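Where a number appears in this text, it was derived from the coordinates with a stated rule and is not lab data. Just so you know, these numbers come straight off a predicted model, no measurement behind them. FYI the Cβ positions are ideal-geometry reconstructions off the backbone, even for glycines, and counts take in every protein chain you see.
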Amino acid sequence: MKSAERAPNGLFVNTKVRDYIECFQCGKLRCVFSNQALDANEKKELYFIKEEMNYSCDSSLVEEDHEFYTKVFVHEKITCKTPIELAYYSSNLRRSNHNSQICYWCGFDGGLVDPPVDKTSNYKFVFLCCCWYLEKGKDFFYRVEIKTNKKTGGKKRNFSNNSNQIQNVANQLDMYRLNDTNICHLI
Ligand SMILES: [Zn+2]
Ligand SMILES: [Zn+2]
């Protein structure tokens with residue numbers, strides 16, 4: 001697996017996401033990739049790394065002398081301002097974990113707002129966004145335009161109009177501010 005590149009070609013895909021690690025600075029979950037699934041010992045080691053070491057964005061998962069250095073990777077050319085990786089949302093690991101809904105922009109799992117119908121009916125993938133980032137002027141991040149007219153059948157939730165939703169945002173904003181005043185100030 002020695003390579004001039006830090007990570008082997010083709011590694012950064014959703015099927016090779018083995019776990020997530022939280023940046024101790026921005027709190028975002030970053031995907032941990034490896035070509036082979038981790039065995040029991042490697043999982044233990046990764047658990048140790050997650051518990052005991054201060055991983056942060058813009059760096060490798062481990063130091064050069066660690067066995068994982070050429071085996072287990074994170075994106076290294078990202079910073080704490082980089083949104084959540086798309087591989088996070090499409091990884092099997094995440095789909096099997098119900099508590100994994102997080103904001104695309106800040107990575108926080110609270111204050112999430114349901115995407116408006118004008119997005120979900122026009123785009124195949126609409127990523128979650130929290131109320132604070134909507135308030136800051138960010139929008140729902142979306143990809144892949146749906147070509148056919150008004151096809152919303154595949155989506156779980158729809159709102160009949162946007163004013164309800166704005167009210168929801170306002171309500172959630174108040175509620176979550178009380179609990180988590182420190183979450184979104186980092187970026
Ligand atoms: Zn970070
Ligand atoms: Zn957010």
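For the pair E52 and K136, the difference between a 0.36 nm per residue extended length and the Cα-Cα distance amounts to 26.8 nm. Residues whose amide H comes within less than 5 Å of that of Y123, counting only those at least five positions distant or on another chain, are I146 (H built at 1.01 Å from N in the peptide plane).
Of the trypsin sites (Lys or Arg not before Pro) found in segment 57-149, those that fall in a DSSP loop while having at most 11 other beta-carbon atoms within 10 Å are K77, K147. With a Förster radius of 30 Å applied to the C-beta separation of V13 and D118, the computed FRET efficiency comes to 0.50.
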